[in-house]
Amino acid sequence: MIAVARLRVEFVPTYKTYRYLVTLLLLLPLLVIYVQLQHNTEQIPGSMLPISRHSSCKPSTRKFIVVTTINYPTESVKKLASLEGWCLIVVGDTKTPEDWAWPNCTYLSLEKQAALGYKTLEHVPENHYSRKNIGYLYAIQQGAEVIYETDDDNLLTGSGIPILKNPELDLFIFPDSDSEFQNSTKNQMCNHVLNIYDYFGHPTIWPRGIPLACLASKLRPPAGVPHTFTTNVSQNGVLAKRCRIGVEQGLANGDPDLDAIFRLTRIPAGEPISILFNPETPIIGLADGTFSPYNSQNTVYHRYIS
């Protein structure tokens, strides 16, 4: 017969043991949460890393500039990157140089864009201007209060971005009466259309987006500055009113946003376009119901527009 010896260990819990076990049970959920947060931050596509690790912008920045480019840094981009208090976001594409870089810029290559995990990436094609939308979303996610959009070949004429310091201000609104708007029919669409280039001194050109049938629209702002009349009788007058501005559209001298019909019929082949708008024309706001297209060459968006 072979005897088998078994060692028996008895565990007698003490008060100190219970205290350790209770502490461990209390800490375990916190440990799980910490591990989950680490996993979400480092592993899941689309989670935004802290701005100090993912961007050249200061965490306190609330004013952003968004451009897209397929070129090495242009003079415009270099100037935008030097502006104090702004964060420049440059959105790349397939034709953008792989070694693109410039100080004080946050450059989003295609790889970095994909890592952001935005669902809209599924609908934004490569080699397309619409990739600029990725820059807007990135700025919004970083807490943008103001977004300025322009192109890498548009050079600021002044030392900074001419943004209104107080978006709530007294402003001339055109037109001063909406009675014709309210009573107009679908066939009277042109009663709503305004050629803003006319107001700034060029009645014979028009921005891209205006219906060609409305080029002879009777909706024309008053000429002459400053405006000294603010009646509610004539639709074509102006009205001084307290406003809250959501979009600021600036003009572009030289080669502004003109449609293909204008370029094909009004400009001799091979001749450059050189248009200068009247810088003395006062700022004007457009009343509800007015249609006037704007572009992305020189545009400021305020957060509360949404």
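Here's the yes/no breakdown for (1) at positive phi; (2) within 23 Å of the chain's Cα centre (by Cα); (3) not small (Gly, Ala, Ser):
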position	(1), (2), (3)
Cys243	no, yes, yes
Gly246	no, yes, no
Gln249	no, yes, yes
Asp257	no, yes, yes
Arg263	no, no, yes
Ala269	no, no, no
Ile273	no, no, yes
Thr281	no, no, yes
Thr290	no, yes, yes
(message) Just the residues that are in contact with a His (Cβ under 8 Å, 6 or more places away or on another chain) and assigned to a loop (DSSP other than H, G, I, E, B), please, taken from the stretch 270-291.
(response) Phe277, Pro282, Gly289, Thr290
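Has the stretch 96-112 got at least one residue that is among the basic types (Lys, Arg), farther than 15 Å from Pro73 by Cα and free of Cβ contacts under 8 Å to residues at least 24 places away in the same chain? Write out each step before concluding.
Of the residues in the stretch 96-112, the ones among the basic types (Lys, Arg) are 112.
Subsequent filtering for residues that are farther than 15 Å from Pro73 by Cα retains 112.
Filter once more, so that each one left must be free of Cβ contacts under 8 Å to residues at least 24 places away in the same chain: 112.
Checked the stretch 96-112: at least one residue is among the basic types (Lys, Arg), farther than 15 Å from Pro73 by Cα and free of Cβ contacts under 8 Å to residues at least 24 places away in the same chain.
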(request) Report yes if some residue within the stretch 235-246 is at pLDDT 85 or above, not hydrophobic (A, V, I, L, M, F, W, C) and not in a loop (DSSP other than H, G, I, E, B); otherwise report no. (result) no
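Hey, among the residues in the stretch 259-277 that are within 15 Å of Gly201 (Cβ to Cβ) and of a type outside the set (Val, Ile, Thr), which one's surrounded by the fewest Cβ atoms within 10 Å (Cβ to Cβ)?
Checked the stretch 259-277; the qualifying residue surrounded by the fewest Cβ atoms within 10 Å (Cβ to Cβ) is Ser274.
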(message) If I ask for residues that are in the same structural domain as Thr204 (by TED's automatic domain parsing), touching a residue at least 12 places away in the same chain (Cβ under 8 Å) and exposed (fewer than 13 other Cβ atoms within 10 Å of the Cβ), which ones from the stretch 278-305 would you list?
(response) Asn278, Glu280, Pro282, Ile283, Asp288
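The values are calculated or read from the model by the stated rules, or taken from the named source; none is laboratory data. Please read all numbers here as calculations on a predicted model, not as lab measurements. Positions of Cβ are backbone-derived with ideal geometry, glycine not excepted, and every protein chain shown enters the neighbour counts.
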